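What follows is a set of notes on a single structure, which appears directly below.
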Amino acid sequence: MNDLLITLLLILVKLGLIFGVVLGMAAYLVLAERKILGRMQLRYGPNRVGPGGMIQPMCDVIKLITKEDFIPDRADKWVFLFAPGLTALTALLSFAVVPFAPPLHLFGREIPMVVCDLNVGVLYIFGLSSLAVYGVVLGGWASNSKYSLIGAVRSMAQLISYELALGLALVPVIMTAKSFSLTEIVMSQADWPNLLRHPLAFIIFMIAVAAESKRTPFDMPEAENEIVGGFHTEYSGMRFGLFFVGEYISLIVIGAMTTVFFLGGWHGPFLPPVVWFVMKVLFVAFLFIWARGSMPRPRYDQLMHFGWKVLLPLGLVNVVITGAVLVALNG
Amino acid sequence: MASLLFYILGFIMLTATLLCITRRNPVHAVIYLVVGFFALALMFYLLGAPLVAAWEVIVYAGAIMVLFLFIIMMLGLAPQELPEGPNWHRWGPLVLLSSSLMACTLLLIFQDPAATEIIGTYYLAPQELGEALFGRYALAVEVVSFQLLFASIGAYMLGRSLPKEDDES
């Protein structure tokens, strides 16, 4: 019984830590994105509140909370209210299976540095990423506005199309690790990160994941200069804030997934494992911010053609080649 | 504990499905059905098949229901008024099917009232399921996948031969 209690306490502590760290990181990623984008566009970005604009995220939160929580007339009230929460929730839940350090040995116990090491961890992340579409779609539909509906339909088509390529890009990784567990995938990269073993899968993964998270080259669902704001046009105050925070949490999730699947997880020389993990996550996040600062948005039909006619066949070919090489190597 | 969870999940699933078929708004019906699929996935997990549980969420809740929503939104289906009174031509077969299903379930319950045979008798590891699917039942899997291929080619042909007509898919 005592053992069970300690395990429960450990899980609670880990949950609390992850919740705090991820929310804090999301808040400061917003600031980082605004500042980096500002520099790329030859302006300063936020620099008035606190030293170098460091208190800006707090001010944003206070502003969002004190704004009116507006519900449009003839909107589907309950669906409209829970959709933003669904977006933030699915993004946060993905962290339950992400291992951020090797197991720790304390007082004769082995403490795994992951909330829940599911043996179907990869599929759990897929499941959540395919559920993330509901928040966006239901929010857009419930707003009862044409712009929101167009945004919702766009995001639905986009997410369904790119999810296939995303899944296919991860198949070679699973084939080399011989496991769905994220911890074992990281363990399998002790000497070589998967980036060097599966470079094509890495490229497909990065493109598909950018489309999944609606990051800028693929932000058709909220393209502000065609359809105002897409699915979140009618949202205001903290509900808009939840969509916004959800987007940045999913940016961190993407960073963590890329790190776990392709960059070797916590493995790295000299520095402690957690530091390596956080550095890799932040580096991937920086890559996506960089892409936002330098890439134009394609047309919607180009996006769909690229997903179905280029990425999907490439992914399939990659799986076949990896399978053949693995069979040849194992005799 | 596990059997308690089983009954709670069963209750959620039945309620969600009931709500799903009684809603007039198609989008609400889809939301309830997704809830039902979740309960079903958890039940698979409880029965010792985590891979099937994950598929339930990814394929049914994550992909097929999203496509349902897509169609509903593309067609702009509005909530409809139901025709009054039971229509036995339409409801008869459904009632027959579901009552026979109910009879089977009742029979199972009477045979083993303590439900000893249900939970935790076997743990199906993902590898084991994969080996069974692509080893022992490889031919069946191939046949089914070819059927899906034919179906998608057929759908493509149907969509192609009737351009610019009513966009009902």
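Check whether at least one residue in the stretch B:23-33 is at the interface with chain A (Cβ under 9 Å from one of its Cβ atoms), within 14 Å of the chain's Cα centre (by Cα), closer than 23 Å to A:Val120 by Cα and assigned to a helix (DSSP H, G or I), and report yes or no. The answer is no; no qualifying residue exists.
So that you can scan it fast, the table gives a plain yes or no per residue for (1) at pLDDT below 85; (2) part of a helix (DSSP H, G or I); (3) touching a Leu at 6+ places or on another chain (Cβ under 9 Å):
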site	(1), (2), (3)
A:Met238	yes, yes, yes
A:Phe244	yes, yes, yes
A:Val274	yes, yes, no
A:Phe283	no, yes, yes
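Report whether or not A:Leu263 is within 26 Å of A:Leu200 (Cα to Cα) and in a loop (DSSP other than H, G, I, E, B). Steps first, please.
Values: within 26 Å of A:Leu200 (Cα to Cα): yes; in a loop (DSSP other than H, G, I, E, B): yes.
Yes: the conditions hold for A:Leu263.
The set of residues in the stretch A:230-266 that are farther than 22 Å from A:Met58 by Cβ, open to solvent by less than 30 Å² (accessible area, probe 1.4 Å) and of a type outside the set (Gly, Ala, Ser) comprises A:Phe231, A:Val253, A:Ile254, A:Met257, A:Thr258, A:Thr259, A:Val260, A:Phe261, A:Phe262, A:Trp266.
Let's see how each residue does on (1) open to solvent by less than 70 Å² (accessible area, probe 1.4 Å); (2) at positive phi; (3) part of a helix (DSSP H, G or I):
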| site | (1), (2), (3) |
| --- | --- |
| A:Asp3 | no, no, yes |
| A:Thr7 | yes, no, yes |
| A:Gly38 | yes, no, yes |
| A:Leu42 | no, yes, no |
| A:Ile71 | yes, no, no |
| A:Trp78 | no, no, yes |
| A:Thr87 | yes, no, yes |
| A:Phe95 | yes, no, yes |
| A:Phe100 | yes, no, no |
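Quick check on B:Leu124: is it surrounded by 14 or more Cβ atoms within 10 Å (Cβ to Cβ), over 19 Å from the mean Cα position of the chain (by Cα), more than 10 Å from chain A (Cβ to nearest Cβ) and at pLDDT 65 or above? Here the answer is yes, as B:Leu124 does meet what is asked. Of the residues that make up the stretch A:178-194, is at least one among the hydrophobic types (A, V, I, L, M, F, W, C), part of a helix (DSSP H, G or I), surrounded by fewer than 22 Cβ atoms within 10 Å (Cβ to Cβ) and on the phi < 0 side of the Ramachandran plot? Checked the stretch A:178-194: at least one residue is among the hydrophobic types (A, V, I, L, M, F, W, C), part of a helix (DSSP H, G or I), surrounded by fewer than 22 Cβ atoms within 10 Å (Cβ to Cβ) and on the phi < 0 side of the Ramachandran plot.
Somewhere in the stretch A:155-165, is a residue within 11 Å of chain B (Cβ to nearest Cβ) and aromatic (Phe, Trp, Tyr)? No: the stretch A:155-165 contains no residue that is within 11 Å of chain B (Cβ to nearest Cβ) and aromatic (Phe, Trp, Tyr).
Which of the residues that make up the stretch A:168-181 are touching a Phe, Trp or Tyr at 6+ places or on another chain (Cβ under 7 Å) and either touching a residue at least 60 places away in the same chain (Cβ under 8 Å) or closer than 25 Å to A:Phe82 by Cβ (or both)? If the condition is that a residue be touching a Phe, Trp or Tyr at 6+ places or on another chain (Cβ under 7 Å) and either touching a residue at least 60 places away in the same chain (Cβ under 8 Å) or closer than 25 Å to A:Phe82 by Cβ (or both), then A:Ala169, A:Leu170, A:Val173 are the ones that fit. Against the definition (surrounded by fewer than 24 Cβ atoms within 10 Å (Cβ to Cβ) and either at positive phi or part of a helix (DSSP H, G or I) (or both)), how does A:Ile227 come out, yes or no? No: the conditions fail for A:Ile227. The one condition from (1) in contact with a helix residue (DSSP H, G or I) (Cβ under 6 Å, 6 or more places away or on another chain); (2) in a helix (DSSP H, G or I); (3) open to solvent by less than 80 Å² (accessible area, probe 1.4 Å) that A:Lys14 does not meet is (1).
Going by the structure shown, is A:Arg292 in a loop (DSSP other than H, G, I, E, B) and within 16 Å of A:Ser213 (Cα to Cα)? So A:Arg292 does not fit the description; no. Within the stretch A:119-144, residues that are at the interface with chain B (Cβ under 9 Å from one of its Cβ atoms) sit with their Cβ atoms under 9 Å from residues that are assigned to a loop (DSSP other than H, G, I, E, B) and acidic (Asp, Glu), at 6+ positions apart or across chains, in these pairs: A:Leu138/A:Asp76; A:Gly140/A:Glu234; A:Trp141/A:Asp76; A:Ala142/A:Asp76; A:Ala142/A:Glu234.
In this structure, is A:Leu64 out of contact with any strand residue (DSSP E or B) (no Cβ under 6 Å at 6 or more places or on another chain) and either under 25 Å from A:Ala291 (Cα atoms) or surrounded by 19 or more Cβ atoms within 10 Å (Cβ to Cβ) (or both)?
Values: out of contact with any strand residue (DSSP E or B) (no Cβ under 6 Å at 6 or more places or on another chain): yes; either under 25 Å from A:Ala291 (Cα atoms) or surrounded by 19 or more Cβ atoms within 10 Å (Cβ to Cβ) (or both): no.
Considered against the rule, which asks whether it is out of contact with any strand residue (DSSP E or B) (no Cβ under 6 Å at 6 or more places or on another chain) and either under 25 Å from A:Ala291 (Cα atoms) or surrounded by 19 or more Cβ atoms within 10 Å (Cβ to Cβ) (or both), A:Leu64 comes out as no.
Pairs only if they're at least six apart or on different chains, beta carbon under 7 angstrom, first in the stretch A:85-106 and closer than 22 Å to A:Thr258 by Cβ, second polar (S, T, N, Q); list them, first residue then second. Here the result reads A:Ala91/A:Ser250; A:Pro99/A:Thr183, each pair linking the stretch A:85-106 to a residue that is polar (S, T, N, Q). On the stretch given as the stretch A:145-162, residues that are in contact (Cβ under 8 Å) with a residue 12 or more places away in the chain and open to solvent by 30 Å² or more (accessible area, probe 1.4 Å) total 4. Looking across the stretch B:34-62, the residues that are open to solvent by 30 Å² or more (accessible area, probe 1.4 Å) and either at the interface with chain A (Cβ under 8 Å from one of its Cβ atoms) or not in a helix (DSSP H, G or I) (or both) come down to B:Leu47, B:Trp55.
If you check A:Val325, A:Val310, A:Val320 for being over 22 Å from A:Ile254 (Cβ atoms), free of Cβ contacts under 8 Å to residues at least 24 places away in the same chain and surrounded by 13 or more Cβ atoms within 10 Å (Cβ to Cβ), only one passes: A:Val325.
Among the residues examined, A:Leu166 does not qualify as surrounded by fewer than 22 Cβ atoms within 10 Å (Cβ to Cβ), in a helix (DSSP H, G or I) and not hydroxyl-bearing (Ser, Thr, Tyr).
The values are calculated or read from the model by the stated rules, or taken from the named source; none is laboratory data. Please read these numbers as outputs of a predicted model, since none were measured by experiment. With ideal geometry, Cβ positions are generated from the backbone for all residues, glycine too; neighbour counts draw on all protein chains shown. Calculation scope for accessible area: heavy atoms of the full protein, side chains included, ligands and nucleic acids excluded. Shrake-Rupley method; radii C 1.70, N 1.55, O 1.52, S 1.80 Å.
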